[in-house]
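Here's the structure, in structure tokens; my notes come after.
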Amino acid sequence: MYDNKIITIDQAVKLVKSDYHIVTGLGAVEARDFMENLHHIAGDVRNVTITNCLPMSGGQFMDAEFSDSFNIDGWFYSGGLRSAHKNGNVSFVPNHLHLAGEKRLFHAKPNIYVGVATMPDKHGYMSLSLSNTYERRMIEAADIVILEINPKFPRTFGDLEVHVDEVDYLVETDYGPPIIPDSEPSEKDRIISKYITEYINDGDCLQLGIGSIPNAVAEGLVDKKDLGIHTEMLGSGLMKLAKLGVANGRHKNFYPNKLVATFALGTQELYDFLDDNPSVLILDGNFVNDPAVIAQNDNQISINTTIEIDLTGQCCSESLGHMQFSGTGGQADTVIGAQKSKNGKSFIALHSTAMVRGTDGERHEVSKIVATLKPGAIVSLSRNDVDFVVTEYGVASLRGTNVKERVHRLIGIAHPSFREDLMKQAKELMYI
């Protein structure tokens with residue numbers, strides 16, 4: 001049925017020409033073999049741009065020695081992009097996740113889309129498996145479509161089916177999806193979780209981000225009933241709630257009885273749960289993360305984390321000062337969508353302090369609630385959109401408050417050691 005489309009990975013990378021724009025899949029559906037072999041053609045091409053998002057694999061094409069051949073544009077940085085940024089050929093693409101694909105297509109059409117898919121079924125259909133954040137849109141727009149078909153990836157449902165007739169080339173691969181171990185929650189994480197879960201009622205609809213705090217929140221919800229799930233990322237914590245029957249979507253008024261996400265990343269248990277599971281829908285990120293769509297779920301709860309927040313409510317969730325660390329992702333999408341929902345709520349969670357290395361080379365404890373963000377810090381979430389902020393010292397409700405009220409409420413959940421200095425700085429800045 002599709003033997004005439006099978007090529008080797010060497011043949012696939014040789015389809016790349018100078019000045020081409022290549023897009024690959026998000027996270028788990030990044031075309032691993034293609035990316036790990038791309039550097040072999042470095043001597044034959046110049047000015048090739050690769051657009052990726054949360055890349056999980058390596059790839060020597062990102063090394064400094066290949067910077068004349070390859071540029072990398074990232075929608076969301078992971079460790080590999082952070083390390084390669086210093087080479088000068090890596091740049092961040094500012095975005096809200098639900099518009100990432102649409103706006104990129106406005107700017108640059110892909111010559112090649114290359115990503116992962118399941119093996120074709122008897123009807124010739126493949127599933128894009130673990131993400132449709134932008135992948136289907138890129139397939140429809142690309143001049144050349146290459147899919148690494150893989151029997152180890154779960155077959156998922158939604159709007160991510162692709163027929164072999166829509167694809168130019170197939171590469172047979174056999175690697176497993178990347179495994180992201182569950183982060184073990186700390187004592188602080190569990191305290192924060194307890195504050196948040198007190199606001200969550202039976203029948204509420206959840207969005208959870210990634211990390212130890214969201215995992216702690218999921219653990220804290222096991223005694224709830226009839227929760228729904230409409231989330232950007234489906235991780236192991238939400239999966240466990242679904243397996244326990246806690247999250248069944250019974251009272252969702254939008255896609256009832258269905259678990260809705262735009263991508264999945266986590267443990268092998270998560271991938272096994274997703275395989276051939278019709279209760280899970282992986283849908284276009286332009287749809288799933290649209291705040292107007294999120295708002296169609298009553299009682300939508302959004303739970304995300306941030307790196308640093310200032311006393312007016314500005315959240316820096318993606319950079320360390322001016323240095324890009326991750327990405328905006330869907331934080332603003334989900335925060336705004338939850339607040340537009342009937343009875344919805346949004347939570348931004350963070351530890352009150354962090355240990356950072358100072359100019360003296362020693363590690364010092366610093367407050368993550370600050371009078372002003374670090375110079376160059378990226379404001380991922382506007383102060384206009386922040387709702388509840390939670391640390392291990394409590395909850396600050398900022399919706400509708402003025403700056404003076406925000407100062408007092410945020411200092412009230414800061415670490416006690418920093419409260420006096422924060423109040424002094426707030427007065428100097430004329431916030432109060």
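What to note about this one:
- The residues of the chain expose on average 41 square angstrom of accessible surface per residue, using a 1.4 Å probe on protein heavy atoms.
- Vicinal HN-Hα couplings computed from phi for segment 252-266 (Karplus, 6.51 cos²θ - 1.76 cosθ + 1.60; Hz; Gly/Pro x): 5, 9, 10, 6, x, 6, 10, 8, 10, 8, 10, 7, 9, 7, x
- Vicinal HN-Hα couplings computed from phi for segment 26-41 (Karplus, 6.51 cos²θ - 1.76 cosθ + 1.60; Hz; Gly/Pro x): 7, x, 5, 9, 4, 6, 4, 5, 4, 5, 7, 10, 4, 5, 5, 9
- Entries of Lys14/Lys109; Lys188/Lys258; Lys86/Lys368 with Cα pairs more than 28 Å apart: Lys188/Lys258
- Fluctuation leader among Ala242, Ala117, Ala338 - the chain, Gaussian network, Cα springs under 10 angstrom: Ala242
- Value of [θ]222 nm, deg cm²/dmol, for the chain, DSSP H segments ≥ 4, -39500 (n - 2.57) each, nearest 500: -7000 deg cm²/dmol
- Segment 320-432 shape via C-alpha gyration tensor axes, a/c threshold 1.5: oblate
- Taking 0.36 nm per residue of separation and subtracting the current Cα-Cα distance, fully stretching the chain between Ser83 and Asp3 would add 24.9 nm.
- Net lengthening on full extension, Asp275/Glu420 (0.36 nm per residue, minus Cα-Cα): 46.9 nm
- Given charges at beta-carbon only (K, R positive; D, E negative), |dipole| of segment 26-173 in Debye: 480
- Largest GNM mean-square fluctuation among Val356, Val379, Val217, using the chain with Cα springs under 10 Å: Val356.
- Cα shape, segment 216-259, gyration tensor, a/c 1.5 rule: oblate
- Using θ = phi - 60° and Karplus 6.51 cos²θ - 1.76 cosθ + 1.60, couplings along segment 160-177 (whole Hz; Gly, Pro as x): 10, 7, 10, 8, 4, 5, 8, 10, 7, 9, 10, 10, 7, 10, 8, 8, x, x
- Separation in nanometres of the label points that stand 7 Å from Cα toward Cβ, at Asn257 and Asp121: 1.9
- At R0 = 30 Å, FRET efficiency that the Cβ-Cβ distance of His322 and Lys194 yields, to 0.05: 0.30
- Counted residue by residue at 0.36 nm each, then reduced by the alpha carbon distance between them, the extension gain from Asp44 to Ile180 reaches 45.4 nm.
- If a spin label sat at a point 7 angstrom from the Cα of Asp159 along the line to its beta carbon, the backbone N atoms of segment 101-131 nearer than 19 Å would be those of 101-106, 126-131.
- Relative contact order, whole percent, for the chain stands at 13, derived from Cα pairs under 8 Å and 6 or more residues apart.
- Each Cα pair under 8 Å and six or more residues apart adds its separation to the average, and for segment 135-269 the resulting relative contact order is 21 percent.
- Choice from Val222, Val288, Val29 showing the highest fluctuation, given a GNM over the chain with Cα pairs closer than 10 Å: Val222
- Applying both filters, DSSP loop and at most 16 other Cβ atoms within 10 Å, to the chymotrypsin sites (Phe, Trp or Tyr not before Pro) of segment 182-277 gives Tyr199.
- Its relative contact order, with pairs defined as Cα atoms under 8 Å and 6+ residues apart, puts segment 333-432 at 25 percent.
- Exposure rule at most 10 other beta-carbon atoms within 10 Å, DSSP loop GluC sites (Glu not before Pro): the chain longest free segment: 1-197
- Shape category assigned to the chain from the gyration tensor of Cα positions, a/c cut at 1.5: oblate
- Applying 1/(1 + (r/R0)^6) with r as the Cβ-Cβ distance of Glu65 and Val403 and R0 = 60 angstrom yields a FRET efficiency of 0.75.
- Segment 333-347 residues near the modelled Phe106 label - backbone nitrogen below 17 Å, point 7 Å along Cα→Cβ: 333
- Estimated inter-spin distance, Thr372 and Asn201, nm [label 7 Å along Cα→Cβ]: 4.3
- Share of carbon and sulfur in the accessible heavy-atom surface of the chain [1.4 Å probe, %]: 49
The values are calculated or read from the model by the stated rules, or taken from the named source; none is laboratory data. Note that this is a predicted model, so its numbers are computed, not measured. We place every Cβ from the backbone using ideal geometry, glycine too, and count neighbours over all the protein chains shown. All accessible areas refer to the heavy atoms of the entire protein, side chains included, with ligands and DNA or RNA removed. Shrake-Rupley method; radii C 1.70, N 1.55, O 1.52, S 1.80 Å.
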